[in-house]
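Trainee: Take this structure, written in structure tokens, and hold onto it; I'll ask about it next.
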Amino acid sequence: MLSFTEKNIGRRSFLRVGSLGLGGLSLSSLLAAKALAAKAGSVVRDKSVVFLFMHGGPSQTETFDPKMTAPAGVRSVTGEVKTSLPGVTYGATFEKLARMAHKLAVVRSFTTGNGNHDIKPIVCKETLGANLGSIFARVAGTNHPVSGMPRNVALFPRAVEPKSQERVTQFGKFDSTGSLGPGYTPFIPGGGGDLQQDMLLNLPRGRLDDRRGLLARLDALKRSIDESPAGLERFRQQAFDTLLGGVGDAFDLSKEDPRVVARYDTAPLVQPNQIGKQWNNYNNYVDNARTLGKLMLMARRLCERGCGFVTVTTNFVWDMHADVNNATIQEGMQYCGLPFDHAVSTFLQDVEERGLGDDILLVACGEMGRTPKLNARGGRDHWGGIAPLLLAGGGLNMGQVIGESNRDASKPATDPITNKDLVSTILHYLFNVEELRVTQGIPGELLRLTESGKPIRGLF
């Protein structure tokens, strides 16, 4: 008989078993799952990461480093707000996060290295061209051994609102796996295609029981894409585990308490008629406000049930040039900053209330920062010298500002924290790195990622 005292399955794993019912998992299957968990338990920590990617490049001064003593045109155009940390201020749009600053870690010396639109640091050369979640899945397995939950999930607006625009791919693919192979592709609810149609996770149970039909779909997929047999087999198994393993409810927000959904909802903060229709990014702003809160809620539900890495993005909204496409900084922070402030603060409060504050690490950043000086139109342009970075939860040391920028927030004034350092931080959080180094079957290139940078000082 399994018990809560058995050291290789933790409290959170048993909570997952109880909440999911395991879809009729047999005793023999459960014992096998326990054996798998014990085998991996010394390497893979019982932790999760939610990586909120702020696509477009958020401004460092209007978010977490206002520089109000700098000249006009440099300092935050939205002003500043005092935080719960003495002497520390954030951009004025982040009132709720400011009250939680003692539970957050803000990095003011983070640099992504260039001002290009791409999806670094979550997918970049420092991650071997793979989504960080795919690296996690390569070590931990594609599905949780107890709950069956996919270990690596990417959430875009269509995961919670089917009428949203398709995800942006011209700057990089969040489902990239680099050299790891397609078997470690993030699971993308609402992503479209035949397989996705079978995996909408809100199908009548009769269809879920039609395994032959699902097999036919997967066989058709095999003929239509070029992938290795091993990768396809892992992908096939992930499909079955997700559909038939009792985890579908996690992806269905109608199963959540309506009061909780309303608590997260960011749609009331920015109505479509409040957004300037002159901007070509109008629909992106609408989708961002309409979906960000619900995406963060779904991320919590997935982590609660065993997902180890969740990518969240609402597409391209932080590129505030004040040109034909993008709003001014002042206006854009209303469209993007207010939903971000509400969604992130609600997520962190909810996670803590559920006793998961030490188990889930939130990482929020974009691909770059913005120019120290406003352009003539009231926007800020691309800037690779420095970028905002927020971390919260995970049982790490919070309530601090790490590093400093120079007077105009154009570059780090202390030792820079780079993409390599952020990647190393996340991997050290998810894995027991010492055990990982002596584990057979781990590619050397993955091991080198843990050593290419240094975990962010002061967090561990």
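Trainee: Residue check: is Leu348 closer than 18 Å to Leu52 by Cα and within 16 Å of the chain's Cα centre (by Cα)?
Mentor: yes
Trainee: Give the residues of the range 113-128 that are out of contact with any Leu (no Cβ under 9 Å at 6 or more places or on another chain) and touching a residue at least 24 places away in the same chain (Cβ under 8 Å), sorted by residue number.
Mentor: Residues satisfying the conditions are Gly113, Asn114, Gly115, Asn116, His117, Asp118, Ile119, Lys120, Cys124.
Trainee: In addition: If you check Lys47 against the conditions, is it charged (D, E, K, R), crowded, with 18+ Cβ neighbours inside 10 Å and touching a Leu at 6+ places or on another chain (Cβ under 9 Å)?
Mentor: Yes; evaluated as a whole, the condition is true for this residue.
Trainee: Report, by residue number, each residue of the range 154-169 that is out of contact with any Ser or Thr (no Cβ under 7 Å at 6 or more places or on another chain) and surrounded by 22 or more Cβ atoms within 10 Å (Cβ to Cβ).
Mentor: Those that are out of contact with any Ser or Thr (no Cβ under 7 Å at 6 or more places or on another chain) and surrounded by 22 or more Cβ atoms within 10 Å (Cβ to Cβ): Ala159, Arg167.
Trainee: Can Ser254 be described as farther than 27 Å from Ser48 by Cα and either modelled with pLDDT of 60 or more or surrounded by fewer than 21 Cβ atoms within 10 Å (Cβ to Cβ) (or both)?
Mentor: So Ser254 does not fit the description; no.
Trainee: Next question. Being surrounded by 21 or more Cβ atoms within 10 Å (Cβ to Cβ) and not β-branched (Val, Ile, Thr) is the filter here, so list the residues in the range 109-125 that pass it.
Mentor: Ser109, Phe110, Lys120, Pro121, Cys124
Trainee: Take Gly148 and decide whether it is surrounded by fewer than 19 Cβ atoms within 10 Å (Cβ to Cβ) and over 14 Å from the mean Cα position of the chain (by Cα).
Mentor: no
The values are calculated or read from the model by the stated rules, or taken from the named source; none is laboratory data. Just so it is clear, the model here is predicted, and its values are computed rather than measured. A quick note on method: Cβ atoms are made from the backbone with ideal geometry, for glycine too, and the neighbour counts reach across all protein chains shown.
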